[in-house]
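The values are calculated or read from the model by the stated rules, or taken from the named source; none is laboratory data. On a predicted model such as this, the values are computed, not experimentally measured, just so you know. With ideal geometry, Cβ positions are generated from the backbone for all residues, glycine too; neighbour counts draw on all protein chains shown. All accessible areas refer to the heavy atoms of the entire protein, side chains included, with ligands and DNA or RNA removed. Shrake-Rupley method; radii C 1.70, N 1.55, O 1.52, S 1.80 Å.
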Amino acid sequence: MKTAAVILGDFTAAKGKNLRAVGAALSFSSSPQDPLEIWSCCQWRGESFLLPRCNLTQLAGAEMLPEGAQCADFVESLAAAKKVSLVFLPGGMLGNEVAARLAARTGGSVFTDVTAVRQVSPEAVTVEREIYGYNLNGCFTSSRWPVFITLSDGFAEKEFAPGTVEEKTVFPLPPSRGVQRNSSQLKRQDTGLAQAKALMVCGRGVSKEGVQLLQEFCRRTGCALGATKAAIMDGKMPESAMVGISGARAKPEVTAVFGASGAAAFMKGVSESKLLAAVNKDPDALIFHYCDVGMEQDSQAVLEELHRMAIKP
């Protein structure tokens, strides 16, 4: 199995992500006689991986490649010429875009934000990744070569060595804390979220104290308060507050979302907002791709400031 790794973004800033991709490619290579292919799409500054049998290709003009389409143009010809079967890339929006473009152009397949590689063989590749708003783990298998894999920050290095696949099923992650549901929570009711003119939404990234600040802010300002499915499964909000494809679909004048990644099922519930603002400390959060106004900041600090503004006489 011939493997390769692609380096993306500014190397210094994304060193951990890039090293993770290189380490995975090295671990799953079954051709020890061949040097590991490393293709750099970022400006190289003499950094060393201190890994054996590596063949680094610095792509021409790499420092001028800010877009996924340009990076894919450079890597596509290399993947074909080197006859590589398995390519690892760092996770994030850029890595996911490049991997998807490469899979489409080469007729291969792609797995994004992978947390573990369960099996690599000449017949197929099996990986594990979080799905459904990061509430479930799923195992997926593909035999369409070449296979392009982006690795999440949660990729476990202890899983580098391939092993057998015991089952190909989807199973739930245990909740971080117990969720108490009663009949009144489970009963469908008109919460007014769909008719709200101003909507605040609590995501999984909001702490319990942050939820209390949001509740007080909404009480004082008259905003409606909703929540993502992930926040509800964590027990932070009642199920009646759910916003998204399984809950309310709002069309407010303004929607402010705190600590939510931007999963497709949730975005369906707020996509018709006239103004969508998002606060998330993860610069790669998908929601920044959809919002009109984005703030890369910890939600707790922003909510504390909003609370101070709301209680001023």
| message | Please determine whether any residue of region 40-62 is closer than 24 Å to SER142 by Cα and either in contact with a Lys or Arg (Cβ under 7 Å, 6 or more places away or on another chain) or modelled with pLDDT of 80 or more (or both). | response | no
How many residues of region 131-143 are open to solvent by less than 60 Å² (accessible area, probe 1.4 Å) and modelled with pLDDT of 90 or more? The answer is 2
Taking region 239-265 and keeping only residues that are crowded, with 24+ Cβ neighbours inside 10 Å and closer than 21 Å to GLU97 by Cα, one is left with ALA260
Notebook entry, point to check: Has region 110-132 got any residue that is under 26 Å from GLY205 (Cα atoms) and not in a strand (DSSP E or B)?
Noted result: yes
Pairing a residue in region 212-239 that is farther than 10 Å from ALA310 by Cβ with any residue that is polar (S, T, N, Q) and in a helix (DSSP H, G or I), where Cβ atoms lie under 7 Å and the two sit 6 or more apart in sequence or on different chains, gives LEU225/GLN215; PRO238/GLN185; GLU239/GLN185
Checking the structure you have, find out if any residue of region 201-219 is open to solvent by less than 30 Å² (accessible area, probe 1.4 Å), of a type outside the set (Gly, Ala, Ser), in contact with a Cys (Cβ under 6 Å, 6 or more places away or on another chain) and modelled with pLDDT of 90 or more. yes
Consider ASP284 carefully, then state whether it is open to solvent by 50 Å² or more (accessible area, probe 1.4 Å) and touching a residue at least 24 places away in the same chain (Cβ under 8 Å).
yes
### Task
Would you mind stating whether PRO32 is more than 25 Å from the chain's Cα centre (by Cα) and modelled with pLDDT under 75?
yes
Scanning region 105-128 for residues that are over 17 Å from SER27 (Cβ atoms), touching a helix residue (DSSP H, G or I) at 6+ places or on another chain (Cβ under 8 Å), open to solvent by 50 Å² or more (accessible area, probe 1.4 Å) and of a type outside the set (Val, Ile, Thr) gives ARG105
Of the residues in region 144-160, those that are open to solvent by less than 70 Å² (accessible area, probe 1.4 Å) and either of a type in the set (Ser, Thr, Tyr) or at pLDDT below 90 (or both) come to THR150, SER152, GLY154, PHE155, ALA156, GLU159, PHE160
message: I'd like to know if region 175-189 contains one or more residues that are out of contact with any Cys (no Cβ under 7 Å at 6 or more places or on another chain), open to solvent by 50 Å² or more (accessible area, probe 1.4 Å) and at pLDDT 50 or above.
response: no
Exactly one of LEU94, LEU102, LEU89 is open to solvent by 20 Å² or more (accessible area, probe 1.4 Å), out of contact with any His (no Cβ under 7 Å at 6 or more places or on another chain) and within 25 Å of ASP153 (Cβ to Cβ), and that one is LEU94
Tell me yes or no: at least one residue of region 289-303 is under 19 Å from TYR132 (Cα atoms), small (Gly, Ala, Ser) and surrounded by fewer than 23 Cβ atoms within 10 Å (Cβ to Cβ). no
Is at least one residue of region 122-130 out of contact with any Gly (no Cβ under 9 Å at 6 or more places or on another chain), closer than 24 Å to LEU78 by Cα and modelled with pLDDT under 90? yes
